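*Asks:* This is the structure I have questions about; it appears just below.
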Amino acid sequence: MSDADPASGRIAALDLGEAWTGVAVSDPDAIIASPLEVVSAAELTEYLQRLVIEEEIAEIVVGVPKTLSGETGHQARRVFASLNDLKLRLPGVRFIEWDERLTTRVALSRAGAGAGGRTRNRGRRRKGRERLDHLAAAEMLQEYLRAKSNP
């Protein structure tokens, strides 16, 4: 088993957007992150309530979109508002705020190289492109897992 608390369960990550949220989950040993799905904002709370039970999620990493200078702007404030709501609706889950700067760009570059991972992508298209939010969530989760295993 890894350095993760064995009683804690899997770890999930969210790349929260206004309309869509990318979701990723770790393996049971909290070593490898996998993209899972893109979920609409309207379905997110119910989806997470099911995911927490079905996948035994004990911790959710939430990406906070800071500026390159580390400031929190409008987008970050919107994420904090959503995060506060999720904390109320999922009281048994530990939430971790994670700086998500550049994770979307890294995910896009990897997707261009064919690193799509497994996916059940509901929000498939936006202006003719496939949604990649779940890939950004997986990249962010992998960063978190690396940091957690190498304190």
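*Asks:* Could you sort the peptides 61-72, 14-25 by per-residue average Cβ neighbour count (10 Å cutoff), highest mean leading?
*Replies:* Ranked by mean Cβ neighbours within 10 Å, highest first: 14-25, 61-72.
*Asks:* Can you give me the long-range amide H partners of Arg94? Hydrogens built in the peptide plane at 1.01 Å from N, cutoff under 5 Å, separation of 5 or more residues or another chain.
*Replies:* Under 5 Å from the amide H of Arg94 lie the amide H atoms of Glu59, Ile60, each far enough along the sequence or on another chain.
*Asks:* Non-local amide H neighbours of Asp99 (under 5 Å, H modeled in plane, Pro and chain starts lacking H): which ones?
*Replies:* Those lying under 5 Å, H to H, from Asp99 are Val64.
*Asks:* Determine which residues of the range 34-73 fall in the zone a paramagnetic label at Glu18 would reach in this model, i.e. backbone nitrogen under 20 Å from the point 7 Å along Cα→Cβ.
*Replies:* The answer is 38-45, 63-68, 72-73.
Only the coordinates and a few stated rules stand behind these numbers; no lab work does. Since we're looking at a predicted model, the values are computed, not measured. Cβ sites come from the backbone with ideal geometry, for glycine too, and all protein chains shown count toward neighbours.
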